[in-house]
Amino acid sequence: MADQFDLVVIGSGPGGYTSAIRAAQLGMRVACVEKYDTLGGTCLNVGCIPSKALLDSSEHFAEAREGLKVHGVLVQGVQLDLAAMMARKQRVVRGLTQGVASLFKKNKIERVTGTARLVSAHEVAVQGEPAEPARTLATERILIATGSKPAGLKTLPFDGERVISSTEALSLTSVPERLLVVGAGAIGLELGSVWARLGSRVTVVELLDRIVPTMDHGMGKQLQSALKKQGLTFRLETSATKVERTDAGVRVTLESKGESFVEEASIVLVAVGRRAYADELGAREVGVAFDERGRITVDPHFRTSVPGIYAIGDVIAGPMLAHKSEEEGVAAVEHMAGQGGHVNYDAIPNVVYTWPELASVGMSEEDAARRGLTVQIGTFPFAANARAKCLGSTEGGVKMLADAGTDRILGVHILGPRASDIIAEAALAIEYGASSEDVAHTVHAHPTLPEALKEAALGVAKRSINI
Ligand SMILES: Cc1cc2nc3c(=O)[nH]c(=O)nc-3n(C[C@H](O)[C@H](O)[C@H](O)COP(=O)(O)OP(=O)(O)OC[C@H]3O[C@@H](n4cnc5c(N)ncnc54)[C@H](O)[C@@H]3O)c2cc1C
């Protein structure tokens with residue numbers, strides 16, 4: 001007889017495991033199927049967490065090598081122990097993935113290890129070890145949270161060694177002398193930064209005429225010049241058309257504006273995006289509809305075309321972000337329980353964890369113009385922020401966009417130290433429908449980096465104090 005559940009969640013990434021916990025809180029009997037031995041999906045195992053662990057470690061290394069002199073701290077003989085850095089990263093990952101396993105136990109969620117395949121809208125077959133018989137889970141509802149995988153390029157097929165994805169770039173055993181990064185989005189720039197700090201000569205190739213194309217244009221440019229100062233080289237409006245292996249690495253043919261040239265590298269990291277992943281799932285076979293980009297289509301309550309089957313996270317449309325996946329999971333499960341779950345897509349922060357960091361929430365100037373909105377803009381540079389001066393990190397600034405008529409904050413863009421933390425206040429302001437005046441009136445501790453946000457808010461009404 002099949003095991004009976006109220007909800008079977010497929011995938012234990014941030015979307016899947018968060019949904020499972022919320023469903024258990026709401027009283028459902030829940031199973032979560034994960035094909036890998038560790039829980040946490042892309043984010044915890046080969047995404048957000050290992051990349052941030054390496055970004056933090058490599059930042060300490062770069063600081064110790066050069067960044068502390070200005071503070072009067074002289075460090076000599078700084079050496080890299082890459083194996084120790086990687087081991088620490090793995091410890092961080094292990095701690096967090098084991099944390100998810102403990103949360104499953106605490107919430108009485110049944111963890112099922114194996115590859116899930118939909119048999120019907122109410123039955124999931126799980127294949128564990130190949131020799132074992134498949135287990136069948138009978139369920140009232142199914143939530144697909146199978147995430148995404150790195151997208152490849154036909155011209156640069158992955159070989160896992162010389163032509164690699166972010167997964168391998170997080171576990172290299174030596175520092176590549178020359179690293180060619182194809183794709184100037186968040187993942188390419190973050191991993192390019194890690195290896196540049198550790199000693200690689202990094203070149204970033206981008207098809208478009210700008211880096212981080214979905215972020216604020218001006219701040220993208222400023223970030224590019226900050227990264228250039230850190231030693232990264234950029235080739236914009238350039239495509240990688242061919243790769244050949246050499247004794248020392250790879251020879252990549254690049255094309256730009258009708259000209260073709262060759263770039264030698266030890267390794268090429270292809271970071272051109274990710275594709276929704278629903279392979280082996282049998283979703284099409286039971287009638288689940290997909291869009292032209294291979295993403296599962298859902299309605300505003302995350303219901304697929306098959307009653308009883310839901311989908312959230314990277315496998316559906318929208319920004320591929322862990323927190324977006326989590327919020328959708330919670331909203332989907334709350335709808336199942338008859339509550340009014342909701343995701344505010346206008347208030348989803350997006351962060352590039354380079355140094356300086358680039359973070360945004362809400363609309364860009366282009367978005368506002370597209371929606372026919374007139375904006376008032378306030379800006380404030382970190383060069384005029386006391387805490388940034390104390391830190392010795394004064395690149396960038398804050399830009400706030402408010403509706404010219406109502407003063408409601410529409411978007412905030414931050415390039416600077418710990419932009420990833422400061423953006424939380426901006427997200428809260430947008431979520432609460434705050435005006436720039438609300439933020440301008442809020443008392444901010446001094447001296448802190450978020451004071452730059454307050455000053456940008458004051459700047460909307462042209463009354464910043466410290467500039
Ligand atoms: C290098 C890198 C850095 C990133 N950094 C950030 C960041 O800083 N912030 C951020 O918000 N996002 C970041 N992301 C993106 C983030 O990792 C994803 O948006 C997030 O993991 C998506 O969550 P998810 O739950 O939808 O899917 P996933 O995390 O991809 O999880 C899906 C899970 O489903 C499992 N699965 C798939 N098919 C089956 C099946 N048939 N049976 C059983 N299990 C199955 C998979 O094994 C996987 O564990 C990063 C990604 C990468 C690659």
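Summary of computed values
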{"quantity": "Theoretical FRET efficiency, 1/(1+(r/R0)^6), r = Cβ-Cβ of ARG293 and LEU26, R0 30 Å, to 0.05", "calculated": "0.40"}
{"quantity": "Per-residue SASA entry for ASP3, accessible area with 1.4 Å probe, Å² rounded to 10", "calculated": "50 Å²"}
{"quantity": "Sparse-neighbourhood loop sites, trypsin sites (Lys or Arg not before Pro) in region 125-185 - DSSP loop, at most 11 other Cβ within 10 angstrom", "calculated": "LYS154"}
{"quantity": "Rounded to 5, percent antiparallel among DSSP beta bridges of region 1-135", "calculated": "45 percent"}
{"quantity": "Spacing of the two label points (7 Å from each Cα toward its C-beta) at LEU236 and GLU285, in nm", "calculated": "4.8 nm"}
{"quantity": "Spread of Cα-to-Cα distances over 5 Å intervals beginning at zero, given as percent, for region 80-193", "calculated": "2, 8, 12, 14, 15, 14, 14, 12, 7, 2, 0"}
{"quantity": "Sparse-neighbour loop sites [GluC sites (Glu not before Pro); region 178-277; at most 14 other C-beta within 10 Å; DSSP]", "calculated": "GLU237"}
{"quantity": "Surface share of carbon and sulfur [accessible, 1.4 angstrom probe, percent] for region 367-467", "calculated": "54 percent"}
{"quantity": "Surface accessible to a 1.4 Å probe, per residue, for the residues of region 104-244, Å²", "calculated": "45 Å²"}
{"quantity": "Estimated distance in nm for a label pair at SER174 and GLU132, the labels positioned 7 Å out from Cα along Cα-to-Cβ", "calculated": "4.0 nm"}
{"quantity": "Beta bridges per DSSP with both ends in the chain, % antiparallel, nearest 5", "calculated": "60 percent"}
{"quantity": "³J(HN,Hα), Karplus 6.51/-1.76/1.60, whole Hz, each residue of region 173-186, x for Gly, Pro", "calculated": "9, 9, 7, x, 4, 10, 10, 9, 9, 9, x, 9, x, 4"}
{"quantity": "Spatial separation of Cα centroids for region 314-330 and region 169-207, in angstrom", "calculated": "26 Å"}
{"quantity": "Assigned charges on the beta-carbon of Lys, Arg, Asp, Glu; the chain dipole about Cα centre (debye)", "calculated": "680 debye"}
{"quantity": "Nearby lysines by direct alpha-carbon distance to LYS399 (threshold 18 angstrom, same-chain neighbours under 8 apart not counted)", "calculated": "LYS221, LYS454, LYS462"}
{"quantity": "Within region 1-24: backbone nitrogen closer than 12 Å to the GLU110 label point (7 Å, Cα to C-beta)", "calculated": "1-9"}
{"quantity": "Cα radius of gyration and Dmax for the chain (Å)", "calculated": "23.5, 72"}
{"quantity": "Full-extension gain in nm, ASP421 to ARG371, via 0.36 nm per residue minus C-alpha separation", "calculated": "15.2 nm"}
{"quantity": "At most 12 other Cβ within 10 Å, DSSP loop - trypsin sites (Lys or Arg not before Pro), region 194-281", "calculated": "LYS257"}
{"quantity": "Ranked packing of 288-294, 388-394, most packed first, by mean Cβ within 10 Å", "calculated": "388-394, 288-294"}
{"quantity": "Separation of the LEU391 and HIS60 label points, Cα + 7 Å toward Cβ, nm", "calculated": "1.8 nm"}
{"quantity": "Percent RCO, i.e. relative contact order, over the chain, from Cα pairs under 8 Å lying at least 6 residues apart", "calculated": "14 percent"}
{"quantity": "When each of LYS89/LYS389; LYS149/LYS242; LYS35/LYS108; LYS89/LYS242; LYS69/LYS389 is checked by Cα-Cα distance, pairs over 24 Å", "calculated": "LYS89/LYS389; LYS89/LYS242"}
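The values are calculated or read from the model by the stated rules, or taken from the named source; none is laboratory data. Source: prediction; values computed, not measured. Note: ideal-geometry Cβ built from the backbone for every residue, glycine included; neighbour counts use all protein chains shown. All accessible areas refer to the heavy atoms of the entire protein, side chains included, with ligands and DNA or RNA removed. Shrake-Rupley method; radii C 1.70, N 1.55, O 1.52, S 1.80 Å.
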